[in-house]
Structure formats: C-alpha cells, structure tokens
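The values are calculated or read from the model by the stated rules, or taken from the named source; none is laboratory data. Since the model is a prediction, treat every value here as computed from it, not as a measurement. Cβ placement follows ideal geometry from the backbone for every residue including glycine, while neighbour counts extend to all protein chains displayed.
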Amino acid sequence: MARLFSFILMLFIFSYAHGQSFKIATVVPDGTKWMKEIRKGAKEITQRTEGRVKFRFYPGGVMGNDASVLRKIRIGQLHGGAITGGGVSQIYPDGQIYSLPFAFKSYEEVDYVRKKMDRLILEGIKKKGFISFGLSEGGFAYLMSDEPLRTIDELRSQKVWVPEGDRISRTAFEAIGVSPIPLPLTDVLTGLQTGLINTVGTSPIGAIALQWHTRVRYLTDVPLLYLYGTLVVQRKTFEKLSLKDQKVMKEIMGKTFRIISKQNRKDNQGARQALQHQGIKFVLPQDERLGQWNHQITKAVDELVEQGVFTDEMLKTLKGHLREFRNGTRTK
C-alpha cells in the first residue's frame, strides 16, 4: 500500500511539474478579432494537452502598457504578454527593425522581407529569455490628425504622439523639427480628448479598435511605418512544460498568428473604407517634402545605429533584402 501511494504521489508531482497556467496581459481590447483568435488558440492548446497547459488573459491594458507588462513578467507576476514591435525592442532591440519610418513601400516588400527575417527576430527574442510563436501583422501606420497634413511645416505645428520609450519614432520626428509627446498607448485616447495631442500614427484597424478615429478628421495617405505584434512568454516558464506540450503550444500558437496576420491585412483594407464612410478625409503629402523627410530620417537612423539602438548588421540585412526585391534579384 505504501509503495502504491508513493507511486501515485510521484505521478502527481510529475504531472504538476510539467503543467502550467500562463497569465497573459495585453493592451488589446477584449472582444476584438485578435483576442478572439488568441482565446481560441489557447482553448485548443488546453484541450490538446488534456488540461496541463491553461491560460488566463488580462486584456484592455488592465496590467498597463508593454513596459509594465514586461516588468511584471520579470518579477513573476505575469508569464507573458501580447506586445507591439515597440515592446519587443525592450527585449531585443533589433526587433523593431521593421518599424523604421518609410522602410517599406508596399505589402509585397513586407512579405518578401519577413520571409527572410522573421526567424532572425524570433531567435533574437529567444536568446533574451523569451519565446515568441510568430509575428502578427498590424499593418501600415498612417498619420491621423485633426487638421490636414500635406507638408512638413504643417506637421511641425501639431501636437504629435509617439509611443512611450519608442526612440526610433521620436528620433524620426525630431529629425524634421517636430517635438513629439510621448505617452503610453493606454493614455492616447484621453490625450486626444483633452487636446494634449492631436496627431497619432496608427493602422486603420488600430484607430477603430482603440476609438482614436472618433477624435481625428484626416488621414495622410502614405505608409509611415509597418506595425506588428507578438505573444511572448518567459522562456524558463515555457521550458518547464514537457517537450510534447511545448510542441503543441508552438504548433497551435504559430497557426493562430498566421491566421491573425492574414485576417488583419484584410481587415485593414475594410477599415480604410470604414474610416472614409465615417467622414475621415484622406490627403496626400507633397512629394518633394516627403523626400526631404525621408532623407533626414536616413541620417537619423545612422545615428541610432551609432548609439546602439539597433545593430548595423540588422540594418544592412533589411536594406539588402529590400534592394533584392526592388532590383528584381529576389531569392527564395
């Protein structure tokens, strides 16, 4: 009897040691398609692992912005977070390479580069102690404002928001004489309502999901930068799972993020139309001024490399793949 009890106890301990309940936070509002897909994937993981892997989500910014979420992960209050590319840069600085202003001209360029470079970002995140299951497209961000912005001079007179801690965006605006106002994502709507800011950069679906579109009237119709998000969990927590459960979680979350990316691209197209139907006017900037801004940003990016914000190697890799695409020398 004693041996049987010991055997049952060992099985219980083994099962417990290889199970995990993940506490995951995000600023993404609950009820959005993004959260619905994540919850769907989490449910499938729990079923496939026979309850050994479970999830509890804290959406809508209740745990704070990306920086707060990462801080709570590091002290053990959370196990993971669904964060933006800017949040990823706090783990792995080169992770924000896709968000260089004016880096991409089309989604075709994005698709080509991501096939080459996503694995580099995922591996970089892993080396810093986190596991990511894939990058979900947020789409191109556009400047949205209370007044039409066709020239740099018009932009300089606005109260422009940049994400708190986002050195790349801040440097890009400062390069043309704009003094941006840093705020956490969770404070942007209040900032628009109070007049603290009147210009934001966001994707069409982001503007609608976060209700920012209710406080602006114009969209400057040129892609400013490319946005993405991802789910990260602490590597040491993830690796407590059995190899079998790790495989299941990677498989299902990887599939989930591919679904989200595909859906977000489609939804961004629909959101552009929805914004127009709701009275948002689309304006085009003056080409010569846009070229001037692009030139200033190129110089600012070189300075960021010198400061170690991201590596010269990663920047050269991005530029190399873009050159391949634009010159017609693409590789598989």
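Scanning the stretch 162-183 for residues that are hydroxyl-bearing (Ser, Thr, Tyr) and surrounded by 18 or more Cβ atoms within 10 Å (Cβ to Cβ) returns Ser169, Thr171. Only one of the numbered conditions (1) among the charged types (D, E, K, R); (2) free of Cβ contacts under 8 Å to residues at least 24 places away in the same chain; (3) buried (at least 21 other Cβ atoms within 10 Å of the Cβ) is not met by Arg71, and that is (3).
Assess whether Lys43 counts as being exposed (fewer than 15 other Cβ atoms within 10 Å of the Cβ), basic (Lys, Arg) and at pLDDT 90 or above. Spelling it out, Lys43 is indeed exposed (fewer than 15 other Cβ atoms within 10 Å of the Cβ), basic (Lys, Arg) and at pLDDT 90 or above.
Taking the stretch 95-112 as the range and being under 25 Å from Ile38 (Cβ atoms) and either buried (at least 18 other Cβ atoms within 10 Å of the Cβ) or within 13 Å of the chain's Cα centre (by Cα) (or both) as the test, the residues that pass are Gly95, Gln96, Ile97, Tyr98, Ser99, Val110. Among the conditions (1) part of a helix (DSSP H, G or I); (2) of a type outside the set (Ser, Thr, Tyr); (3) under 16 Å from Ala25 (Cβ atoms); (4) modelled with pLDDT of 95 or more, the only one that Val113 does not satisfy is (3). Residues in the stretch 299-314 that are outside any loop (DSSP other than H, G, I, E, B) and more than 9 Å from Ala172 (Cα to Cα): 9 in all. Residue pairs whose Cβ atoms lie under 8 Å apart, sitting 6 or more positions apart in sequence or on different chains, and linking a residue in the stretch 301-317 that is under 19 Å from Gln90 (Cβ atoms) to a partner that is aromatic (Phe, Trp, Tyr), are Leu304/Phe310. Count of the stretch 190-207 residues, restricted to those that are surrounded by fewer than 20 Cβ atoms within 10 Å (Cβ to Cβ) and either in contact with a Phe, Trp or Tyr (Cβ under 7 Å, 6 or more places away or on another chain) or not in a loop (DSSP other than H, G, I, E, B) (or both), is 4. Within the stretch 24-59, take every residue that is under 18 Å from the mean Cα position of the chain (by Cα), assigned to a helix (DSSP H, G or I) and of a type in the set (A, V, I, L, M) and give me the one that is farthest from Asp187 (Cα to Cα). Within the stretch 24-59, the match that is farthest from Asp187 (Cα to Cα) is Ile38.
Table: residues versus (1) surrounded by 18 or more Cβ atoms within 10 Å (Cβ to Cβ); (2) part of a helix (DSSP H, G or I).
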position	(1), (2)
Val188	yes, yes
Pro223	yes, no
Tyr228	yes, no
Val232	yes, no
Lys236	no, yes
Lys244	no, yes
Arg258	no, yes
Asn268	yes, yes
Gly279	no, no
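All conditions in (1) at pLDDT below 95; (2) within 17 Å of the chain's Cα centre (by Cα) hold for Met253, with the sole exception of (1).
Of the residues making up the stretch 170-188, just one is over 18 Å from Glu154 (Cβ atoms), in contact with a helix residue (DSSP H, G or I) (Cβ under 6 Å, 6 or more places away or on another chain) and of a type in the set (A, V, I, L, M, F, W, C), namely Leu183. In the stretch 61-76, the residue that is farthest from Leu183 (Cα to Cα) out of those that are part of a loop (DSSP other than H, G, I, E, B) and under 15 Å from the mean Cα position of the chain (by Cα) is Gly61. Under the condition of being crowded, with 21+ Cβ neighbours inside 10 Å, modelled with pLDDT under 95 and outside any strand (DSSP E or B), the residues counted in the stretch 116-161 number 2.
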